[in-house]
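> Pasting a structure below so you can have a look.
The values are calculated or read from the model by the stated rules, or taken from the named source; none is laboratory data. From a predicted model like this one, the values you see are computed outputs, not experimental measurements. Here the Cβ is made from the backbone with ideal geometry for all residues, glycine too, and neighbour counts use every protein chain on show. Just so you know, the surface numbers come from the protein's heavy atoms only, side chains and all, with ligands and any DNA or RNA stripped out. Shrake-Rupley method; radii C 1.70, N 1.55, O 1.52, S 1.80 Å.
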Amino acid sequence: NPGDYLTDQTGTWTIAFLTISLSITPLRRLTGSNDLVKVRRMFGLFAFFYATLHMMTWIVFVNYFDVPSMIVDIGKRPFITVGMATFVILFLLAITSNRFAIRKLGRRWQSLHRLAYVAGILAVVHFWWLVKADITEPRRWGVAIGSLLLFRLWWANRSRLSFRS
(Lines give C-alpha, C1' and ligand atoms only; values in the text may rest on other atoms or scores of the structure.)
Protein backbone atom coordinates (compact mmCIF):
# COMPACT_ATOMS: atom_id res chain seq x y z
CA ASN A 1 0.00 0.00 0.00
CA PRO A 2 1.72 3.23 -1.13
CA GLY A 3 -0.06 5.36 1.49
CA ASP A 4 1.15 3.16 4.35
CA TYR A 5 4.65 3.10 2.88
CA LEU A 6 4.79 6.91 2.66
CA THR A 7 3.43 7.26 6.18
CA ASP A 8 6.00 4.79 7.54
CA GLN A 9 8.91 6.40 5.70
CA THR A 10 8.05 9.97 6.68
CA GLY A 11 7.68 8.86 10.30
CA THR A 12 11.07 7.18 10.21
CA TRP A 13 12.70 10.27 8.70
CA THR A 14 11.04 12.43 11.37
CA ILE A 15 12.56 10.38 14.19
CA ALA A 16 15.91 10.22 12.37
CA PHE A 17 16.20 13.99 11.96
CA LEU A 18 14.94 14.59 15.49
CA THR A 19 17.61 12.21 16.82
CA ILE A 20 20.30 13.89 14.71
CA SER A 21 19.30 17.32 15.98
CA LEU A 22 19.33 16.07 19.59
CA SER A 23 22.79 14.57 19.09
CA ILE A 24 24.37 17.90 18.11
CA THR A 25 24.76 19.20 21.68
CA PRO A 26 26.46 16.05 23.04
CA LEU A 27 28.75 15.94 20.00
CA ARG A 28 29.57 19.61 20.46
CA ARG A 29 30.36 19.10 24.12
CA LEU A 30 32.50 16.03 23.49
CA THR A 31 34.44 17.49 20.57
CA GLY A 32 34.49 21.15 21.59
CA SER A 33 33.45 22.09 18.05
CA ASN A 34 30.86 24.85 17.93
CA ASP A 35 30.51 24.47 14.15
CA LEU A 36 27.94 21.74 14.73
CA VAL A 37 25.50 24.22 16.25
CA LYS A 38 25.14 25.89 12.85
CA VAL A 39 23.32 22.82 11.45
CA ARG A 40 21.22 21.94 14.51
CA ARG A 41 18.35 24.25 13.52
CA MET A 42 18.36 22.85 10.00
CA PHE A 43 18.04 19.26 11.28
CA GLY A 44 15.27 20.28 13.68
CA LEU A 45 13.37 21.94 10.85
CA PHE A 46 13.88 18.83 8.71
CA ALA A 47 12.30 16.83 11.55
CA PHE A 48 9.32 19.19 11.53
CA PHE A 49 9.10 19.03 7.73
CA TYR A 50 8.94 15.23 7.77
CA ALA A 51 6.50 15.26 10.70
CA THR A 52 4.26 17.52 8.60
CA LEU A 53 4.54 15.13 5.65
CA HIS A 54 3.85 12.22 8.02
CA MET A 55 0.69 13.88 9.30
CA MET A 56 -0.39 14.88 5.78
CA THR A 57 -0.10 11.29 4.55
CA TRP A 58 -2.28 10.25 7.50
CA ILE A 59 -4.83 12.93 6.59
CA VAL A 60 -4.83 12.18 2.85
CA PHE A 61 -4.16 8.45 2.48
CA VAL A 62 -5.62 7.04 5.69
CA ASN A 63 -8.57 9.34 6.42
CA TYR A 64 -9.24 10.84 2.97
CA PHE A 65 -9.79 14.31 4.51
CA ASP A 66 -12.61 12.98 6.74
CA VAL A 67 -12.20 15.47 9.63
CA PRO A 68 -14.87 13.97 11.96
CA SER A 69 -13.21 10.56 11.56
CA MET A 70 -9.79 12.07 12.32
CA ILE A 71 -11.07 13.73 15.50
CA VAL A 72 -12.59 10.45 16.69
CA ASP A 73 -9.33 8.66 15.76
CA ILE A 74 -7.24 11.10 17.81
CA GLY A 75 -9.39 10.54 20.89
CA LYS A 76 -9.83 6.79 20.45
CA ARG A 77 -6.35 5.60 19.51
CA PRO A 78 -3.64 6.53 22.03
CA PHE A 79 -0.76 6.23 19.55
CA ILE A 80 -2.41 8.87 17.35
CA THR A 81 -3.00 11.11 20.38
CA VAL A 82 0.70 10.86 21.26
CA GLY A 83 1.64 11.48 17.63
CA MET A 84 -0.47 14.64 17.56
CA ALA A 85 1.10 15.84 20.81
CA THR A 86 4.52 15.27 19.24
CA PHE A 87 3.50 17.23 16.17
CA VAL A 88 2.25 20.16 18.29
CA ILE A 89 5.60 20.28 20.14
CA LEU A 90 7.55 20.16 16.88
CA PHE A 91 5.32 22.90 15.47
CA LEU A 92 6.03 25.13 18.49
CA LEU A 93 9.75 24.47 18.15
CA ALA A 94 9.69 25.21 14.42
CA ILE A 95 7.85 28.53 14.72
CA THR A 96 10.19 29.66 17.50
CA SER A 97 13.43 28.63 15.82
CA ASN A 98 14.09 32.01 14.20
CA ARG A 99 16.17 34.91 15.50
CA PHE A 100 13.12 37.06 16.21
CA ALA A 101 11.60 34.40 18.50
CA ILE A 102 14.96 33.81 20.20
CA ARG A 103 15.21 37.54 20.99
CA LYS A 104 11.60 37.88 22.11
CA LEU A 105 11.56 34.76 24.31
CA GLY A 106 14.97 35.41 25.88
CA ARG A 107 15.87 32.73 28.43
CA ARG A 108 12.48 31.07 28.01
CA TRP A 109 13.50 30.10 24.47
CA GLN A 110 16.03 27.57 25.75
CA SER A 111 13.50 26.10 28.18
CA LEU A 112 10.96 25.80 25.38
CA HIS A 113 13.43 24.11 23.07
CA ARG A 114 14.25 21.50 25.68
CA LEU A 115 10.84 20.13 24.70
CA ALA A 116 12.70 18.56 21.78
CA TYR A 117 13.59 15.73 24.17
CA VAL A 118 9.91 15.34 25.10
CA ALA A 119 9.08 15.26 21.37
CA GLY A 120 11.73 12.56 20.87
CA ILE A 121 10.34 10.44 23.69
CA LEU A 122 6.77 10.90 22.45
CA ALA A 123 7.81 10.03 18.89
CA VAL A 124 9.28 6.76 20.13
CA VAL A 125 6.15 6.03 22.20
CA HIS A 126 4.01 6.80 19.13
CA PHE A 127 6.06 4.38 17.03
CA TRP A 128 6.20 1.71 19.77
CA TRP A 129 2.43 1.75 20.26
CA LEU A 130 1.87 1.69 16.50
CA VAL A 131 3.75 -1.54 15.82
CA LYS A 132 2.02 -4.68 16.92
CA ALA A 133 4.61 -7.43 16.90
CA ASP A 134 8.19 -6.45 16.08
CA ILE A 135 9.32 -3.65 18.39
CA THR A 136 12.96 -3.86 17.29
CA GLU A 137 13.03 -0.59 15.37
CA PRO A 138 11.15 1.53 17.95
CA ARG A 139 13.38 0.03 20.65
CA ARG A 140 16.49 1.15 18.73
CA TRP A 141 15.16 4.69 18.43
CA GLY A 142 14.26 4.59 22.12
CA VAL A 143 17.80 3.56 23.06
CA ALA A 144 19.25 6.33 20.86
CA ILE A 145 17.05 9.09 22.25
CA GLY A 146 17.26 7.72 25.79
CA SER A 147 21.06 7.71 25.56
CA LEU A 148 21.08 11.32 24.39
CA LEU A 149 18.79 12.29 27.26
CA LEU A 150 20.94 10.41 29.78
CA PHE A 151 24.05 12.15 28.43
CA ARG A 152 22.35 15.51 28.86
CA LEU A 153 21.33 14.67 32.43
CA TRP A 154 24.82 13.40 33.23
CA TRP A 155 26.39 16.54 31.74
CA ALA A 156 24.08 18.80 33.76
CA ASN A 157 24.88 16.93 37.01
CA ARG A 158 28.55 16.09 36.45
CA SER A 159 29.85 18.87 38.68
CA ARG A 160 27.64 17.70 41.56
CA LEU A 161 28.66 14.10 40.97
CA SER A 162 32.39 14.91 40.93
CA PHE A 163 32.02 17.08 44.05
CA ARG A 164 30.65 14.11 46.04
CA SER A 165 33.51 11.80 45.12
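> Arrange the residues Tyr64, Tyr50, Tyr5, Tyr117 by how much accessible surface each exposes, largest first, with a 1.4 angstrom probe.
Tyr64, Tyr5, Tyr50, Tyr117
> Moving to a separate point now. Please express the Cα-Cα pair-distance distribution P(r) of region 59-143 as a list of whole percents, one per 5 Å bin, running from 0 to the bin with the greatest distance.
Going out from 0 Å in 5 Å bins, region 59-143 shows 3, 14, 17, 18, 17, 14, 10, 6, 1, 0 percent.
> By how many degrees, between 0 and 90 and to the nearest 10, does the Cα long axis of helix 2-31 differ from the longest principal axis of the chain?
With rounding to tens, the tilt is 0 degrees.
> With every protein chain left in place and a probe of 1.4 Å, what is the accessible surface of Met55, to the nearest 10 Å²?
Per-residue accessible area (Met55): approximately 40 Å².
> Moving on. For the chain, what is the accessible area per residue in Å² when the probe is 1.4 Å?
Values: 10490 Å² over 165 residues.
With all protein chains present, the chain gives 64 Å² per residue.
> Mind checking which of Phe61, Phe49, Phe127 has the largest fluctuation in a GNM of the chain, springs on alpha carbons under 10 Å?
Between Phe61, Phe49, Phe127, it is Phe61 that shows the largest mean-square fluctuation.
> Take Lys76, Lys132 and sort them by solvent-accessible surface of the protein heavy atoms, 1.4 Å probe, largest at the top.
Heavy-atom accessible area, descending, gives Lys132, Lys76.
> For the chain, which whole percent of the accessible surface, found with a 1.4 angstrom probe, sits on carbon and sulfur atoms?
67
> What do you get when you divide the Cα radius of gyration of region 8-85 by 2.2 N^0.38 Å, with N the number of residues?
Here the answer is 1.40, to two decimals.
> Continuing with this model, one more query. Rounded to whole Å and ordered largest first, report the semi-axes of the equivalent ellipsoid of the chain derived from its Cα gyration tensor (root of 5λ).
The answer is 31, 19, 14 Å, longest axis first.
> With angles folded into 0 to 90 degrees, how steeply does helix 115-130 sit against the dominant principal axis of the chain? Use alpha carbons for both and round to 10.
Roughly 40 degrees, rounded to the nearest 10.
> A further question follows. To the nearest 10 Å², what's Arg114's accessible area with a 1.4 Å probe?
It works out to around 110 Å².
> Follow-up. For helix 67-76, what angle does its Cα long axis make with the longest principal axis of the chain, in degrees from 0 to 90 and rounded to 10?
Here the helix axis deviates by roughly 60 degrees.
> Which log10 I(q)/I(0) values, to two decimals, does region 110-164 give at q = 0.13, 0.16, 0.19, 0.20 Å⁻¹ under the Debye formula with one point per Cα?
Values, matching the q order: -0.43, -0.58, -0.72, -0.76.
> Say we join alpha carbon atoms closer than 10 Å with springs in a Gaussian network model of the chain; which of Leu122, Leu105, Leu45 then has the biggest fluctuation?
Among Leu122, Leu105, Leu45, the largest GNM mean-square fluctuation belongs to Leu105.
> Any chance you could look up the accessible area of Arg28 with a 1.4 Å probe, heavy atoms only, rounded to 10 Å²?
For Arg28, the solvent-accessible surface is approximately 60 Å².
> Ok, one more. Using a Cα-Cα cut-off of under 25 Å, which lysines could be cross-linked to Lys104, ignoring same-chain neighbours fewer than 8 residues away?
Lys38
> Which of Thr52, Val124, Ser111 sits closest to the plus end of the dipole of region 39-165, meaning its Cα is farthest towards the positive end, when Lys and Arg get +1 and Asp and Glu get -1 on the C-beta?
About the Cα centre, the residue reaching furthest to the positive side is Ser111.
> Report the local net charge at Leu93: Lys and Arg +1, Asp and Glu -1, summed over other residues whose C-beta lies under 12 Å from its C-beta.
+3
> Dipole of the chain, Cα-centred, from +1 at each Lys and Arg C-beta and -1 at each Asp and Glu C-beta, to the nearest 20 debye? Spell out each step's value before the answer.
Values: 20 positive and 7 negative charges, 264 e Å.
Roughly 1260 debye for the chain.
> Right, next: Reachable lysines from Lys132, Cα under 20 Å, same-chain residues fewer than 8 places away excluded?
Lys76
> With only Lys, Arg, Asp and Glu charged, each at its Cβ (+1 for the first two, -1 for the last two), find how big the charge dipole of region 69-165 is about the Cα centre; round to the nearest 20 debye.
Once rounded to the nearest 20, the dipole reads 620 debye.
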